[in-house]
Structure formats: C-alpha cells, structure tokens
Protein chains: 2
Amino acid sequence: MKPIEIFKALSNESRLDILRWLKEPEQHFTPHEGIDMREIGVCVSQVTEKLNMTQSTASQYLSILQRAGLIKTERIGKFTYYKRDEEVIRQIGEYLKQEI
Amino acid sequence: MKPIEIFKALSNESRLDILRWLKEPEQHFTPHEGIDMREIGVCVSQVTEKLNMTQSTASQYLSILQRAGLIKTERIGKFTYYKRDEEVIRQIGEYLKQEI
DNA sequence: TTGACATATCGATAATTCACGATATAATGA
DNA sequence: TCATTATATCGTGAATTATCGATATGTCAA
C-alpha cells in the first residue's frame, strides 16, 4: 500500500465520484452486455458517459485509481471492466486510523 | 469537513510526518518553554528543525494542515503552537470508511 | 522605542496535475 | 484483410503544488 499515492488519487472530486459509483454500480450505471456489474465491474465507456468528460480523461482517472490500488481491472473482449478493491480501501481506512 | 482539501493535505510525506510526530509529541520533540506538548502543541521552530526544511516551508505546511482542519493552533506570547484535531482526524477516517 | 526573535506572507521557479484532442493499439465482426 | 469500436497513450497549455529566499508582522525585553 502506498498511502501518498492513494491520498493523491483521492484528491480529486471526479475520482471520488468514480469510487462512490463503483460502490453501488447498479444504482449508477445502465446494464452493459449482460455483465454483472457488481462481480465484474463497469467499462470505461460507462464511466466516461457518467463523468461527462472525455474518454481520455476517464481512462486516465481509472488508471490513476488502479495504480493506487483502489480498483482492479479485467479485460473481456474489447471491453475493460473496473471494480473496487474493497480490501485496499479498507486498508487505507485502517491506515488512516492507526498510523496518522 | 472538506474531504478533497484533507486528502490533498495528506498527499505529502512531510505533512504526514508532522501529523505523526504530533501524535506523540514528547517522543519526537525536545521540551520547549515548559509547555505541555500534548495539551498545547509544538511550535513552528520545533517543527522546522525536525522537518529539516526552511521555516517558510514549515509554516506553510502547518497552515495547509490547519486549513484542512487536521490541526489547530494557539498563540502564546511570541510562539504559535499547533496540535492535532483528533476529532477531525477521526471524522475523515469515518468518512473514508462510510462514503468512499 | 528599539532590537531581537518567532511566525506569516510574498514572490519566484521547478515540478506536478488537470483535462483535452489526436493518435496508437487491441479486439471484433464482416 | 479491413473497417469499426473500445481503450490506452502522447503531447499540450493552463492551473496547482513544492520549496525556497526575502521580507513583513507581531511580541517581548531592555
């Protein structure tokens, strides 16, 4: 866990939005290709549309969240799906409580 | 509580150091003017020395932490003392756990 | 009041981040 | 193979951050 990188990733409202949307994906995204959003995740286009920013920005934000370890990715066909890594998110909360 | 501002304040190793030092001030600072560090806090010069950066930088970092609400300040004579705001720190941990 | 010290603030420059458009790469289906 | 679609990456200019030295302000002691 790299706390500084995680806190940087969390220092942006759009990225916080993404994390919150991914917490309850079926509340925030329309179904896609019959994918189980909770199990597999949501793809870049879904996030792009909801973010109301360019595909480029959405992809980069997802990448930042992923490099920080907060989300994980799975490629299925031409789509890349992202979902939260609940364990890492729990850990950073714990870290904040214990170490800061 | 302004989470984005707080996460930005936490996105810097030196500022995390300051917060951690302030958690157990008597472990990290030499006594100063007979002040109870745990009750009142530590002054800018103490932080400056331990940070090994300029007084300017130390003062600004303390100010960033304070504007984020993570520490609070008290002026006594010519010294300004800073100590943690444990309640806000607890809140951001709770926020991370609940809202993110 | 003046001098000395503690702290805050004001530029400044380099580095990083934001958000974009353009383009490259990967996968599919015709 | 080729065209199309999904995603990633590159290069950009504007904005923000990191850190500094210089200076202003505030407080005490002589």
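The values are calculated or read from the model by the stated rules, or taken from the named source; none is laboratory data. Keep in mind it's a predicted model, so treat the numbers as computed, not measured. Reconstructed Cβ throughout: ideal geometry from the backbone, glycine too, with neighbour counts over all protein chains shown.
For this structure, a couple of remarks:
- Among the candidates A:100, A:92, the residue that is away from DNA strand D (no atom under 15 Å from the Cβ) and in contact with a Leu (Cβ under 6 Å, 6 or more places away or on another chain) is uniquely A:100.
- Tabulated pairs, the range A:41-52, first closer than 16 Å to residue A:24 by Cα, second within 13 Å of DNA strand C (Cβ to nearest atom) and of a type in the set (Asp, Glu), C-beta under 7 angstrom, 6+ apart or interchain: A:41/A:74
- When residues of the range A:20-54 are limited to those that are touching a strand residue (DSSP E or B) at 6+ places or on another chain (Cβ under 7 Å) and within 14 Å of another protein chain (Cβ to nearest Cβ), the one nearest to residue B:100 (Cα to Cα): A:23
- Failed item, numbered, when residue A:64 is tested on (1) at positive phi; (2) near DNA strand C (Cβ under 8 Å from one of its atoms): (1)
- Some residue of the range B:50-70 being more than 14 Å from the chain's Cα centre (by Cα), part of a helix (DSSP H, G or I) and at pLDDT 95 or above: yes
Residue by residue, here is whether (1) surrounded by fewer than 17 Cβ atoms within 10 Å (Cβ to Cβ); (2) under 19 Å from residue A:4 (Cα atoms); (3) more than 12 Å from the chain's Cα centre (by Cα) holds:
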{"site": "B:21", "(1), (2), (3)": "no, yes, no"}
{"site": "B:26", "(1), (2), (3)": "yes, no, yes"}
{"site": "B:39", "(1), (2), (3)": "yes, no, yes"}
{"site": "B:44", "(1), (2), (3)": "no, no, no"}
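- Residue in the range B:60-83 that is within 14 Å of chain A (Cβ to nearest Cβ) and aromatic (Phe, Trp, Tyr) present: no
- Residue under evaluation residue A:69, criteria (1) buried (at least 17 other Cβ atoms within 10 Å of the Cβ); (2) within 21 Å of residue B:7 (Cβ to Cβ); (3) within 11 Å of DNA strand C (Cβ to nearest atom), criterion not met: (3)
- The single condition from (1) surrounded by 13 or more Cβ atoms within 10 Å (Cβ to Cβ); (2) closer than 30 Å to residue A:21 by Cβ that residue B:49 fails is (2).
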